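Have a look at the structure below, then the notes.
The values are calculated or read from the model by the stated rules, or taken from the named source; none is laboratory data. Because the structure is a prediction, the values reported are computed rather than measured. As a convention, Cβ positions derive from the backbone with ideal geometry for all residues, glycine included, and neighbour counts pool all protein chains shown. Heads up: the accessible areas ignore ligands, DNA and RNA and are worked out on the full protein's heavy atoms, side chains in. Shrake-Rupley method; radii C 1.70, N 1.55, O 1.52, S 1.80 Å.
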Amino acid sequence: MGPQQPVNDALSENRFVADKLDEVARLLEQQNASLFRIRAYRDAASYVRGLSHPVRLDYQRGGKRGLDDLPTIGQSIAATIAEILDTGASGLLDRLRGAADPEQVLRTVPMIGPALAHQIHDDLGIETLEALEAAAYDGRLASLKGFGPRRVESLRHSLADMLARRRPRQAPIDRQQPSLADILSIDQTYRSNVDKLPEIKPRRFNPTGEARLPILHTERDGWQFTALFSNSPAAHRFGKNRDWVVIYFERPDQPEGQVTVVTEHGGALDGKRVIRGQEKACQAYYEAQEQRSV
């Protein structure tokens, strides 16, 4: 039996995780996020840094639920810690830094190469593995050229294996998202205040390296929102990088989700802001608004 690992070495990963959580809190503070959200990440960082055992043990024993059960750590922060432990990085942190590369995230799935990652991100606006899994079940992925039933089913299995430890032992039956009205209101607030918002330096499509991407952090009805213009290849190719707005949302008891809000062209919703993939619900929302105003 070899020598026992020094305690300091065994806990070095805790410090690594805590440092990343502290950086999330620092960037949120710089970008005028709510004090509640900033404090949540700082408290989680302090707790992880002070643990007397490796936080990875909690993850290995109980998956994401094992992290969620720790004091000061809710579902959304547990997901961030799980991602750091799995990959050494955090999509949230990259997003706040302006360094997010969604296509690289998609390429971590065994069956997805650069061309396919580009197609998925370009056509569907998908940026996370969780969103990719949702698209594999709701029909959006099957709508892409080259995605037959067998390929979609294989992708479902691959994602289930990759995400198994990051999800609760039993998926919540009450998975929720903010109301359509709140999402559209956040979109309006963001676009109306772009000149007053803090800006980040996106790594992609930014040859001058300037801070030019406005970012909004706000909260409503218990949800934390982050909104910013899409910096995807498709947004730039179609000249929509100041029209398409990506909105991320989370709640302590709900995992992070995201939607993209765009201006519709043609049809009954011509000129209106709609949530991509939820056009029918948006049409019903606007019709109900019109009826109330009569």
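At a glance:
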| item | result |
| --- | --- |
| Counted residues, region 75-125 - those being part of a loop (DSSP other than H, G, I, E, B) and either over 20 Å from Leu57 (Cβ atoms) or open to solvent by less than 20 Å² (accessible area, probe 1.4 Å) (or both) | 14 |
| Members of region 206-227 found to be part of a strand (DSSP E or B) and either hydroxyl-bearing (Ser, Thr, Tyr) or in contact with a Gly (Cβ under 9 Å, 6 or more places away or on another chain) (or both), listed by number | Leu213, Ile215, Thr218, Thr226 |
| Unique match (being without any contact (Cβ under 8 Å) to a residue 60 or more places away in the chain, surrounded by 15 or more Cβ atoms within 10 Å (Cβ to Cβ) and within 30 Å of Tyr41 (Cβ to Cβ)) among Glu199, Glu210, Glu264 | Glu199 |
| Restricting region 219-259 to residues that are in contact (Cβ under 8 Å) with a residue 12 or more places away in the chain and at positive phi, the residue that is surrounded by the most Cβ atoms within 10 Å (Cβ to Cβ) | Gly222 |
| Selection count where residues are under 23 Å from Gln75 (Cα atoms), in contact (Cβ under 8 Å) with a residue 40 or more places away in the chain and hydroxyl-bearing (Ser, Thr, Tyr), scope region 109-155 | 1 |
| Selection within region 272-291 - open to solvent by 30 Å² or more (accessible area, probe 1.4 Å), touching a residue at least 12 places away in the same chain (Cβ under 8 Å) and not polar (S, T, N, Q) | Lys272, Arg276, Gly277, Glu279, Ala281, Tyr285, Tyr286 |
| Of the criteria (1) touching a residue at least 60 places away in the same chain (Cβ under 8 Å); (2) farther than 30 Å from Leu216 by Cα, which one Glu23 fails | (2) |
| Subset of region 181-196 that is open to solvent by 30 Å² or more (accessible area, probe 1.4 Å) and part of a helix (DSSP H, G or I) - its residue that is nearest to Asp243 (Cα to Cα) | Arg191 |
| Number of positions in region 157-176 that are open to solvent by 60 Å² or more (accessible area, probe 1.4 Å) and either aromatic (Phe, Trp, Tyr) or at pLDDT 85 or above (or both) | 1 |
| Unmet criterion (only one of (1) at pLDDT below 90; (2) assigned to a loop (DSSP other than H, G, I, E, B)) for Ala33 | (1) |
| Qualifying position, being in contact with a Gly (Cβ under 9 Å, 6 or more places away or on another chain) and under 22 Å from Ser12 (Cβ atoms), among Ala82, Ala89, Ala45 | Ala82 |
| Test for Leu155: is it aliphatic (A, V, I, L, M), under 16 Å from the mean Cα position of the chain (by Cα) and outside the structural domain of Lys64 (by the TED database) | no |
| Given (1) open to solvent by 30 Å² or more (accessible area, probe 1.4 Å); (2) over 24 Å from the mean Cα position of the chain (by Cα), number of the condition Leu269 does not satisfy | (1) |
